[in-house]
Every structure is written in C-alpha cells, then in structure tokens.
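Q: Below is a structure I'd like to ask you about.
Throughout, read-outs are computed from the coordinates displayed, never taken from laboratory work. Quantities reported herein were computed from a predicted structural model and do not represent experimental measurements. Here Cβ is always computed from backbone atoms with ideal geometry, including for glycine, and neighbour counts include all displayed protein chains.
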Amino acid sequence: MIPYGKQDITQDDIDAVVDVLHSDFLTQGPKVPAFEQAIAEYTGAKHALAVNSATSALHIACLALGLGEGDRLWTTPITFVASANCGRYCGAEVDFVDIDPTTYNLCPKQLEVKLKHAEATGTLPKVVVAVHLCGQSCDMQAIGQLADEYGFKVIEDASHAIGGKYQNKPIGCGQYSDVTVFSFHPVKIVTTAEGGVAVTNDDALATSMALYRSHGVTRDPLLMEGDSHGNWYYQQVALGYNYRMTELQAALGLSQMQRVDQFVSARHRLAARYNEKLQDLPLVLPYQSNGTYSGLHLYVVRLQLAKLSKTHKQVFDALRQQGIGVNMHYIPVHTQPYYQQLGFGPGDYPHAEQYYQDAISLPMFHAMTDEQQDTVIDVLAAILTE
Ligand SMILES: *Cc1c(COP(=O)(O)O)cnc(C)c1O
C-alpha cells in the first residue's frame with residue numbers, strides 16, 4: 001500500500017533521540033526550550049509553548065483566551081474533530097461556519113453574515129478557530145478584520161501548515177491572530193511522534209498557556225499570592241493539566257525542523273507533478289489562493305461525479321484495493337454523532353457536505369518516489385476512465 005502520508009526519519013533524527021536517552025533529562029530538560037526557540041525563530045512568533053499534541057495546544061489556547069461556559073467557539077466543519085472539541089473541553093458552545101467551495105477553508109463572507117446575525121441576537125463567538133486545510137492559509141486578513149470589528153479572538157489551527165506562508169510571512173507569525181497551533185503527529189509535515197506547539201506574540205497569553213500546560217503550578221514569585229515559604233516552594237494558581245512534551249520528542253522535533261523547508265519543497269514538487277499529470281482527468285485539482293504558499297500537508301482532489309460512471313465510494317474502494325492508500329479529510333464535524341446530539345445535522349452546511357460527497361486525499365509524503373506517484377496517477381486514471 002502506498003500510504004497517504006508518512007514520516008521521514010533519518011539517522012540524525014535517531015541519534016538525536018538516543019542522545020537524550022543517554023542524558024540526565026528525559027523530560028523537563030534543555031531540549032524542550034531549544035525546540036520552542038527553534039519554532040519561535042522559524043515562525044517569527046515571540047513565544048512558543050511545546051505540548052504533547054496539537055489537541056492540547058488548542059485546549060490551552062482556549063483556556064488562556066478565557067473561553068468558558070456561556071461562551072461560543074466557531075470553526076469550520078471540514079477539519080479534524082479536535083478543532084471543535086477544544087471549545088467543548090472548556091464548556092463553551094461550538095458552532096460552525098461553512099467552507100468556501102473553492103479553497104475548502106472557512107469562508108470569511110459567510111463568517112460575516114453569521115456574525116451580523118449573532119450580533120443582533122447577542123450570540124457572538126469569543127473564539128474563532130481558523131483551520132488552514134491541507135496547509136493553505138485561510139484568508140486571515142479578512143478574518144482578522146472581522147475579529148477587530150466584532151471583538152472575537154482568533155486561533156489558527158495550522159496543524160497542516162508548518163512551513164507555509166501567508167502574504168510572504170511564515171504561518172504562525174500571528175499578524176492576524178492571537179494564537180497559532182501546529183501538530184507534529186507522524187502524518188503531518190514535521191513529527192515528534194505525538195506533539196504540538198502553541199505560538200503567540202502576547203506575553204500574558206504565553207504565561208497563561210505555560211501554566212495550563214503544567215497543572216497550573218508555578219515557581220515564579222511574580223505569579224504567586226503572598227510570600228514564598230522557601231526554596232522548595234511552588235503554588236498552584238489555576239487548574240491546569242499535564243500536557244508537557246518530553247525531551248525525546250523535542251529532540252526529534254529539533255532535528256526534524258532542520259529539514260522543514262526541504263519537506264515542504266518536496267511536497268510542492270510532488271503537487272506540481274500531480275497538477276500536470278492529472279489535469280485532463282474528470283477531477284477538480286487543488287486551488288492555490290493568492291498570497292499563500294501552502295505547507296501542502298494534503299493533496300485533495302474532487303471527483304467530477306457527473307462525468308463519471310462510478311460513485312465516490314467505488315472510486316475510493318477501487319484505489320484502496322489496488323494499493324493506493326487514499327484517505328478522506330474530513331467527515332464534516334457537525335455530522336458526527338456527538339455533534340448531532342448537540343443539535344447539528346445533515347443539511348446545516350451544504351458546501352462542507354458537498355465536499356464530503358466527492359473529495360479524496362491522494363498519497364503525498366516527503367520520501368514519495370516518482371515511480372510511486374506515477375503508480376497513483378496510472379491507477380487513478382484507469383479507474384476514472386474505465
Ligand atoms: C492532526 C490535527 C489536529 C490534532 O493534532 P494532534 O497533534 O494529533 O492532537 C488538530 N487539527 C487538525 C486540523 C489536524 O489535522
């Protein structure tokens with residue numbers, strides 16, 4: 001099976017992890033701050049907080065932004081469930097804004113319409129999670145303007161997008177948002193096995209996220225109430241979690257980050273080959289928005305079903321049967337049973353649901369060979385033209 005995504009691990013990566021195993025610290029040592037520094041420098045953000053997953057990063061970002069019961073978080077239905085669940089962890093209500101049918105990202109025009117309505121009914125969101133699907137940035141300038149106008153906070157879920165750019169600046173620089181999170185799950189662009197990071201330019205948010213990441217406990221006298229009892233002293237000043245990243249993960253991430261640009265440019269080369277070789281098939285190929293350079297975590301095509309004699313499921317199954325590890329990103333979150341229990345259902349977000357009827361993620365990963373890619377192309381072409 002040619003997988004849809006796969007990590008790329010070199011001997012240097014392995015050596016970096018083994019060095020940590022021989023060192024004094026398996027957790028809470030020097031590698032995590034070094035990794036955070038590397039992410040901050042790469043993205044241009046002032047602070048980076050490494051955690052054990054992007055899901056944890058989304059959670060501490062929501063907590064630091066003050067999201068709680070009685071508040072609302074809005075996101076896109078075409079994302080992994082974690083982009084919405086972080087609102088539920090905080091006791092907030094979750095709602096969705098349909099996608100732009102061209103970019104598949106949260107649509108700023110529909111966001112504006114929904115905000116106008118919410119303003120009239122006193123139901124404005126506190127947080128909007130903008131997901132850079134496949135690695136291509138949302139229209140952050142438009143979302144940032146709406147944030148200023150309607151007073152909500154913005155989290156960029158850039159789980160797909162490390163190494164990507166928006167308006168010639170690295171995704172994560174935070175020009176139009178409060179916090180950006182990245183995922184380092186092995187299928188993503190850079191991996192730490194499991195892991196994530198939250199970046200921000202805001203000192204107070206960084207301090208707060210650091211507390212939530214580690215039990216709400218601090219050793220900083222400035223954050224304590226009253227006087228220190230002595231050198232052993234720490235205080236718990238909030239209810240936090242254990243979301244820390246280990247030294248092993250950080251060492252792997254640090255080693256991987258040296259190749260991030262290489263990872264993304266390899267994906268661009270593969271995407272350009274797909275674009276060229278698939279152009280005459282009954283497919284809609286990925287759209288490139290102005291002013292974006294995608295991280296290209298995913299290469300999603302849409303079947304032009306009206307021109308085909310097969311269904312979406314038949315094409316998908318035929319690809320899998322012939323060893324092509326295609327995938328589906330994503331099942332619209334509002335149609336998941338958990339969200340249907342909260343009152344959502346089919347028909348709520350037509351563009352997202354239409355996308356789900358015909359989208360397929362083709363295999364794309366750093367070490368994919370041209371032969372492997374040609375196999376994907378040949379098998380797909382045969383299935384579509386049979
Ligand atoms: C992978 C992913 C997440 C969750 O990342 P983890 O590191 O596995 O917690 C969140 N949002 C999106 C869009 C993702 O693709």
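Q: Under a plain spin-label model, where a point goes 7 Å from the Cα along Cα-to-Cβ, how far apart in nm are residue 242 and residue 331?
A: Taking the two extended label points, one gets 3.2 nm.
Q: Run the Debye formula on the Cα coordinates of the stretch 218-259, all scatterers equal and no solvent, and tell me log10 I(q)/I(0) at q = 0.21 1/Å.
A: -0.74
Q: Putting +1 on Lys and Arg Cβ atoms and -1 on Asp and Glu Cβ atoms, find which of 26, 349, 379 reaches farthest to the positive end of the dipole of the chain.
A: Sorting the options by dipole projection puts first 379.
Q: Report, largest value first, the span of the C-alpha coordinates of the stretch 62-200 along each principal axis, in whole Å.
A: Over the stretch 62-200, Cα extents along the principal axes are 43, 30, 25 Å.
Q: Okay, moving on. Placing +1 at every Lys and Arg Cβ and -1 at every Asp and Glu Cβ, with all other atoms neutral, what dipole size does the stretch 11-257 have around its Cα centre, in debye to the nearest 20?
A: 300
Q: OK, next. So for the stretch 260-385, Kirkwood radius off the Cα pairs, Stokes-Einstein at 20 °C and 1.002 mPa s: how many µm² s⁻¹?
A: The calculation lands on 135 µm²/s.
Q: Run the Debye formula on the Cα coordinates of the stretch 6-110, all scatterers equal and no solvent, and tell me log10 I(q)/I(0) at q = 0.19, 0.23 1/Å.
A: Values, matching the q order: -1.07, -1.20.
Q: May I pose another question? Relative to the first principal axis of the alpha-carbon coordinates of the chain, what is the inclination of helix 54-64, with its axis defined by its Cα atoms, in degrees from 0 to 90 and to the nearest 10?
A: Taking Cα atoms only, the helix is inclined about 50 degrees.
Q: What value, in deg cm²/dmol to 500, does the helix sum -39500 (n - 2.57) over DSSP H runs of n ≥ 4 give at 222 nm once divided by the residues of the chain?
A: Theoretical 222 nm ellipticity from helices: -11500 deg cm²/dmol.
Q: Here is a follow-up. Given the alpha-carbon gyration tensor of the stretch 318-372, what are the semi-axes of its equivalent ellipsoid in whole angstrom, ordered largest first, with each equal to the square root of 5 times an eigenvalue?
A: 31, 11, 10
Q: Looking at the stretch 11-257 only, what percent of DSSP beta bridges run antiparallel? Nearest 5 please.
A: About 55 percent, rounded to the nearest 5.
Q: Right, another one. For the chain, place one equal point scatterer on every Cα, skip the solvent, and apply the Debye formula. What is log10 of I(q)/I(0) at q = 0.09, 0.13, 0.15 Å⁻¹?
A: Normalising to I(0) and taking log10 leaves -0.54, -1.08, -1.37.
Q: For residue 265 and residue 120, what does the FRET efficiency come to when R0 = 35 Å and r is the distance between their Cβ atoms, rounded to the nearest 0.05?
A: According to the calculation, E is roughly 0.15.
Q: Name the shape class, rounded, prolate or oblate, that the alpha-carbon gyration tensor gives for the stretch 4-51, where a ≥ b ≥ c are the square roots of its eigenvalues, rounded holds for a/c under 1.5, and otherwise prolate holds if a/b is larger than b/c and oblate otherwise.
A: oblate
Q: Still on this structure, I have one more. Excluding residues fewer than 8 places away in the same chain, name every one of the lysines whose C-alpha is closer than 25 Å to that of residue 165.
A: Output for residue 165: 6, 46, 109, 153, 188.
Q: Based on the mean of other beta carbon atoms within 10 Å per residue, what is the order of 223-229, 328-334, 271-277, 131-137, most packed first?
A: Per-residue mean Cβ counts within 10 Å order the peptides as 131-137, 328-334, 271-277, 223-229.
Q: In nm, to one decimal, how far is the residue 113 label point from the residue 220 one, both placed 7 Å along Cα→Cβ?
A: About 4.4 nm, to one decimal.
Q: Starting with the fewest neighbours, write out 62, 138 ranked by other beta-carbon atoms found within 10 Å of each beta-carbon.
A: Exposure proxy ranking, most exposed first: 62, 138.
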